[in-house]
Amino acid sequence: MKGKILVIEDNEQNLYLTRFILEANGYEVVAARDGRTGVDMAAQERPDLILLDIQLPGMDGYTVAKSLRGNPDLDDTPIVAVTSYAMVGDRERGLEAGCTGYIEKPINPETFMAEVEEHLPPA
Amino acid sequence: MPTLSNLRWRGLRSKIIAWFFVPTVMILLTVAWVIFAAYQQVTENAAIERNHALTTLAAVQYTTELGTYTDLLREYTALFAEPDTLSEANMSYLQEVLSASRGRFELFDGGVLVINNLGTVVGAEPARPDVLGENWAAHPYFRDMLRTPKESFSDVTIDGLDHAEVIVVSVPVVGRQGQFLGLIAGLLRLTGTASSSLVQGASQLEGGGEITYLVDSNGRILYHPDATQIGADLSNYDVVQRVTSGQSDAIRTQSRDGRQIVASFVPIPNTPWGMVSEQEWDALISANQGYGTYLLLLLIMSVILPAIVVAIGLRQILRPIEQLNQAAQQVAHGKFGHTLEVKTGDEIEALTKQFNHMSLQLQETYASLERQLHEQLEAQNALRKSETRYRTLFEESPISLWEEDFSGAKQCVEQIRATGVTDFRAYFASHPEVITQCAAGVNILNVNRAAINLLQYESKEPLLTPLAQIFNERTIKTFREELIALAEGQTTFFMEASGLTAHGIPINFGLHLAIVPGYEESWERVFISLTDITQRVRMENELREHQEHLADLVAARTAELTISNQQLAQEIEEHRRTETALEENLSRSETLHRFSRALINFEDLSDLLQTVVDSVAEALPANRIVLYLLDQETEKITHAVRGGKNREQVSEPDYKELQAGLTGWVLREGEPALSPKDVLDPRESTAVQQRRMETNCGAIIVVPLQYGSRLMGTLTAINSPDEPDFNQKDVDLVMTLVNQTAVAIETARLYEETARRAQELAILYDVGQKITATLDLDMILDTIAQGAAQVAQADKSLLLLVDMKKENLLKTAGFGYSRQELNRQSYIECQDGISGWVLQKQKPTLSADIQTDARNKGIALVNAQRSHDKSAAVAPLIIGQEMVGTLTVVNGRDKFTFTPADLNLVTMLADQAAAAIHNGRLYEAAQEADRIKSAFLASMSHELRTPLNSIIGFTGIILQGLAGPLNDEQAKQMRMVQTSARHLLALINDVLDISKIEAGQFKVEKADFDMRTAVENVVRIVQPLADKKELPLQVTIATDVGQIWSDQRRVEQILLNLINNAIKFTDEGQVTITCDVDEGWLQVDVTDTGIGIQLASQRQLFKPFQQVNTGLDRKHEGTGLGLSICKRLVEMLGGQIWLESEWQVGSTFSFTLPLTDGS
């Protein structure tokens, strides 16, 4: 097992897609369907990386990122925003909120893994 | 005087030589000698040591040589080691053995013997029957050997018992049990030839010296290079004695024949012998002979060097002294001022400086002496010249001159004075004879030619007669006067006198007597000159007669003159009056002039009025001046300015009181008034008349201050009763001043008005600028409120925005109010006040005092100090037909009341405000709409992308085979799905981009990047596409294309778009991309050989949603947004994009970008 990745994503299909790619590449995937669950799971599971959808029901992705960063245990955990938001300032807002990286949706399955692994510390 | 040359050897030179040179030389010589001696000692010792060492070495070598003898013999000892071998019985055997070894014993020229332990000779080689069987136990050498057998060399001994002298080398023969059996002895002849073995061995000896020889322990020479010496007995020679006693040394000594030698001697080990090597001392030292030369050289140097040093030193010391001496000689010969330049830096230089100083002093003194002498000579010459000149002057003078000696007369006078006489005139009058006596004391020394001529003589002589002899009555009288004058201490004296010429003709002359300066005490030289005044005296007489005649005539005409004199006096008086008047006019003109200047330059009205008053006070004999400026509408005195020296006496009346007096009349009539003193003026009221009589009041002038028909005020001038009355001229003067003042005041008023107007306009403009520059409603309101207060010069301003339909107060802004006060305001309050009235009536209004204004229901305006508020101006804010608020300005009790003009300004501002508020509202609405649009776009983008994410993602996964294998048809169809999905995504992205661009939300992020890399990135992406269509992509990037300051992502987007298009629209041929840099600009051309674009379509191409249709079938997919986005992007990055195309031939799309921000 290469590592544990927490995926916070509300869309079922997209979650499945992401999980598929990650697992196909040998990662353990834990998933949360909303921000609050995501924050709790991150504290419990201590994943190696968090993939975070920005548009989430209830607590939005920026808030989730801030909450995650509020947990000192997760200081070193990379948070990669995966979002279809592509308006001006989305990227900056994401980084300000504490994200380490930013992958724009729709993802490219051929390059997605490489983009994610860029933020993972070398095994 | 001694010279240096004859001093030489007793002088400094000899002293320096004696004190320095000789001791130095001696010291150097001693040192040189000691060094040499020490050196020689050392080198000699070394030579001796070396000699000894060499000799020792030779001795050792020789010892080795000797080993060969014993070795040879020792070989045979083994043969004879059996106990009985050396018995006499065995002699024949021994002889046989020895004979067999004959050749080997050649070394021993004396032969070899074998002796047994009993001392019997048992063998000999060569065979010596004579000795065989002999017992040599008594032989001195063998005896010792038999007793203490050992390998040894003998001293000189004899062969056998009585034979020649030999040296024996013996080796003991030892039995197997170690018992002594006998000896084998080799004999060496002492007097052997040069070929004898001993000599052969020894002749190679090389000791340290020239002669090396061997001696035995008895002092006998064993070997000597001089063969004749061999065998000689040297036992008495001390060197030999020492070596035979075992010493090893080298000494300097005398040879046996008395030569100086060095003898080295060493005992030769294992033998009783010694080796001596003798070396001639001189030969030994010859190597050191050079030292003698060095010594000599050293000695010479030790003499020469100090000599040179002393010579140079002497030269250095003596030369300046010689120079000094020469210079001193020159000075002695009178060449003063001779100086020297010596830079030795020692006492001599100091001495030289002193000498130079002395020399210059001498020169100066001498020059001074010469100058004095010269001056003296010149003085004498001048004296002589002066004397001559004096003589000439005296003789040639046109004035008659006598040079006389009065010293006798002086004595005479002094005698008289001694008797106590002080009044000489009286004395001489009573003692006329004394004059003659005194005259005798006068000598005439000389007379000049003019004197002779004057008195008509032929020569000098008669005139040189003593004075007393030519006395007559006239001359006595003259002389008496002279004497009195002199006696009274005068040094010059003049009188008119008369006398007779030589021909007896009477002559009048002026006599001038002068004591020559310097002779005032002795009177020895006195000059007397006579001037002929006969003619003058005659003319004076004639003149006197004429005057007398004239006096008669004058007397006759006196009456006439008196009359004309009176007329003249009148004329003068008239003239004087005119002058006074002129002066007065001048003074007034000056006042006017000064005043005019004040008018032109005035800045402050009060100052100007004071100037007017002061000018009037100056120009008029008035002691009280007062100027009133009046506001006839309000019946108020606005300014009252006082002047004159009694200004304090001017009362301070109010407007009404003024009306009662003369001022009232002037104001009514508009005419100036002059009221003389002590007259009841009917133009004044009775009360005023009364008061005027009571107060100390003289005449009064009152003039109106008037511009056109506008009466501004009056000026009153009052004088005191004791001053002259005012006249019409005074009135005119005052009128002139006052009229000018009126003009000035009017000008100032106009100026102020203009300035105010300009200021108002400036404020209005400023406010307009500010409120149009922003769309922020709060800021607009604040700006307007502040501007209103400024433009109306109001204490406070208040702006209310209301919604009348909803009866709601929307916003308040104000100036002079706190935010709290503004926030407390309510709609009801607005309605209650004058604002409410304005909102209802929709027109502006003024309120002189809001406290008493009926429209104000008491709680109208926000104001903590409401009772202080007084004047207000309120204007409505109207947008279209709708009342949206009011703008109010308020002034306190201490400020002016607003005028319609102020209201006008406020209204103008209110209109501006309404327009600005309208704009602001519209802008807020537009912003809101924009926000909604952006939010919609963001949302739509997201909503569309979310499902697309799944579609593209899963398609990709399936195509990758991650979800299981696909057959070809499935794969083909999946790729179609993928292509469509990507196209849809591109569409969404393009729509999003274009909408962002249009909303102005699109931002470029510039940074430095490598253009080459960017182009390569894009080419890498599109290469598969081109490969698929088998289109070559030709990329040419100029070498100077490198870093560029732009937005890499956007540049790549543009490139991607253009190249994608080119590939898309080209079926065959190629696509060329060139990239070049020119003067700060980057240009990229994307050329294809595609279908081309018709001219008509080219213009449409860069507009959104335009794709050139090639026919009814839309063969080429695309949003039609790409080029439009490209154009926007290029422009946002500061560049341009264009295209050149030919239908059916191809197109070139080009764009430029600035390389840096600056270009």
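The values are calculated or read from the model by the stated rules, or taken from the named source; none is laboratory data. Only a predicted model underlies this, so the values are computations on that prediction, with no experimental measurement involved. When we count neighbours, we look across all protein chains shown, and the Cβ atoms used for this are built from the backbone with ideal geometry, even at glycine.
Which residue, of A:Thr37, A:Thr18, is in contact (Cβ under 8 Å) with a residue 40 or more places away in the chain, among the polar types (S, T, N, Q) and part of a helix (DSSP H, G or I)?
Details: A:Thr37 fails: in contact (Cβ under 8 Å) with a residue 40 or more places away in the chain.
It is A:Thr18.
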| task | Looking at (1) within 14 Å of another protein chain (Cβ to nearest Cβ); (2) touching a residue at least 40 places away in the same chain (Cβ under 8 Å); (3) not in a helix (DSSP H, G or I), find the lone condition where A:Ala81 falls short. | result | (2)
| field | Cβ-Cβ under 7 Å pairs, at least 6 apart or on other chains, the range B:66-80 side free of Cβ contacts under 8 Å to residues at least 60 places away in the same chain, far side buried (at least 16 other Cβ atoms within 10 Å of the Cβ) | value | B:Leu79/B:Val97
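Each row is one residue, and each column tells you yes or no for (1) in contact with a Ser or Thr (Cβ under 7 Å, 6 or more places away or on another chain); (2) in a helix (DSSP H, G or I); (3) surrounded by fewer than 19 Cβ atoms within 10 Å (Cβ to Cβ).
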| site | (1), (2), (3) |
| --- | --- |
| B:Asp84 | no, no, yes |
| B:Gly103 | no, yes, yes |
| B:Ala124 | no, no, no |
| B:Arg128 | no, no, yes |
| request: Provide a single number: the residues in the range B:791-825 that are in a helix (DSSP H, G or I) and farther than 25 Å from B:Ala848 by Cα. | output: 4
| remark: Scanning the range A:1-20 residue by residue, those over 16 Å from B:Leu948 (Cα atoms) and facing chain B (nearest Cβ under 10 Å) turn out to be A:Phe20
| query | Which condition does B:Arg931 not pass, out of (1) within 13 Å of another protein chain (Cβ to nearest Cβ); (2) more than 30 Å from B:Ile878 (Cα to Cα), if it passes all the others? | reply | (2)
| What about B:Ser950, is it within 14 Å of chain A (Cβ to nearest Cβ) and modelled with pLDDT under 85? | no
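Just checking, does the range B:802-815 include any residue being touching a Lys or Arg at 6+ places or on another chain (Cβ under 8 Å) and modelled with pLDDT of 80 or more?
To start, the set of residues in the range B:802-815 that are touching a Lys or Arg at 6+ places or on another chain (Cβ under 8 Å) comprises B:814-815.
From what is left, the residues that are modelled with pLDDT of 80 or more are B:814-815.
Yes, that holds for at least one residue.
Taking the range B:953-992 as the search range and keeping residues that are assigned to a loop (DSSP other than H, G, I, E, B) and among the hydrophobic types (A, V, I, L, M, F, W, C), which one is nearest to the other protein chains (Cβ to nearest Cβ)? Before the answer, list the steps.
Of all residues in the range B:953-992, those assigned to a loop (DSSP other than H, G, I, E, B) come to B:961-967.
Now narrow it down to the ones that are among the hydrophobic types (A, V, I, L, M, F, W, C): B:962-963, B:966.
Values: B:Leu962: 5, B:Ala963: 8, B:Leu966: 15 Å.
Across the range B:953-992, the extreme among qualifying residues is B:Leu962.
For B:Ile115, state whether it is crowded, with 22+ Cβ neighbours inside 10 Å, modelled with pLDDT of 85 or more and over 20 Å from B:Leu66 (Cα atoms). Reasoning before the result, please.
Values: crowded, with 22+ Cβ neighbours inside 10 Å: yes; modelled with pLDDT of 85 or more: yes; over 20 Å from B:Leu66 (Cα atoms): yes.
So B:Ile115 fits the description; yes.
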| Which pairs do you get when a residue that is without any contact (Cβ under 8 Å) to a residue 60 or more places away in the chain, found in the range B:749-765, comes within reach of a residue that is outside any helix (DSSP H, G or I) and surrounded by 11 or more Cβ atoms within 10 Å (Cβ to Cβ), reach meaning Cβ atoms under 6 angstrom, with the pair 6+ apart or on two chains? | none
| message | Can you find, within the range A:21-32, the residue that is nearest to the other protein chains (Cβ to nearest Cβ) among those that are touching a strand residue (DSSP E or B) at 6+ places or on another chain (Cβ under 8 Å) and either without any contact (Cβ under 8 Å) to a residue 40 or more places away in the chain or closer than 19 Å to A:Leu74 by Cα (or both)? | response | A:Glu23
| task | State whether the residues of the range B:683-705 include one that is of a type in the set (Asp, Glu), surrounded by 17 or more Cβ atoms within 10 Å (Cβ to Cβ) and more than 17 Å from B:Gln610 (Cα to Cα). | result | yes
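If I filter the range B:936-943 for residues that are among the acidic types (Asp, Glu) and more than 9 Å from every other protein chain (Cβ to nearest Cβ), do I get at least one hit?
Kept after step one, since they are among the acidic types (Asp, Glu), are these residues of the range B:936-943: B:943.
Subsequent filtering for residues that are more than 9 Å from every other protein chain (Cβ to nearest Cβ) retains none.
No, that holds for no residue.
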| Out of all the residues in the range B:1051-1058, is one or more at pLDDT below 90, closer than 14 Å to B:Ser1141 by Cα and either among the acidic types (Asp, Glu) or assigned to a helix (DSSP H, G or I) (or both)? | no
| message | Scan the range B:997-1011 and tell me whether some residue there is more than 14 Å from chain A (Cβ to nearest Cβ) and either assigned to a helix (DSSP H, G or I) or polar (S, T, N, Q) (or both). | response | yes
| note | Here the residues within the range A:4-43 that are under 24 Å from B:Ala963 (Cβ atoms) and of a type in the set (D, E, K, R) are A:Lys4, A:Glu9, A:Asp10, A:Glu12, A:Arg19, A:Glu23, A:Glu28, A:Arg33
| task | Evaluate the range A:53-75: report whether one residue or more is touching a residue at least 60 places away in the same chain (Cβ under 8 Å) and either surrounded by fewer than 19 Cβ atoms within 10 Å (Cβ to Cβ) or within 14 Å of another protein chain (Cβ to nearest Cβ) (or both). | result | no
| query | So which strands (runs of 3 or more DSSP E) are wholly in the range B:828-936 and hold at least 3 residues that are touching a residue at least 40 places away in the same chain (Cβ under 8 Å) and more than 22 Å from B:Leu761 (Cα to Cα)? | reply | B:882-892
| note | When the range B:165-179 is checked residue by residue, the ones that are touching a residue at least 40 places away in the same chain (Cβ under 8 Å) and in a loop (DSSP other than H, G, I, E, B) are B:Gly175, B:Arg176, B:Gln179
| field | Tally of residues being touching a strand residue (DSSP E or B) at 6+ places or on another chain (Cβ under 7 Å) and polar (S, T, N, Q) across the range B:225-246 | value | 2
| query | From the list B:Lys996, B:Lys933, B:Lys1003, which one is buried (at least 17 other Cβ atoms within 10 Å of the Cβ) and within 21 Å of B:Leu1121 (Cβ to Cβ)? | reply | B:Lys996
| request: Considering only the range B:32-82, state which residues are crowded, with 18+ Cβ neighbours inside 10 Å and among the aliphatic types (A, V, I, L, M). | output: B:Ala32, B:Ala47, B:Ile48, B:Leu54, B:Ala58, B:Ala59, B:Leu66, B:Leu72, B:Leu73
| Does B:Ile1044 satisfy being crowded, with 16+ Cβ neighbours inside 10 Å, in contact (Cβ under 8 Å) with a residue 40 or more places away in the chain, more than 14 Å from chain A (Cβ to nearest Cβ) and not in a helix (DSSP H, G or I)? | yes
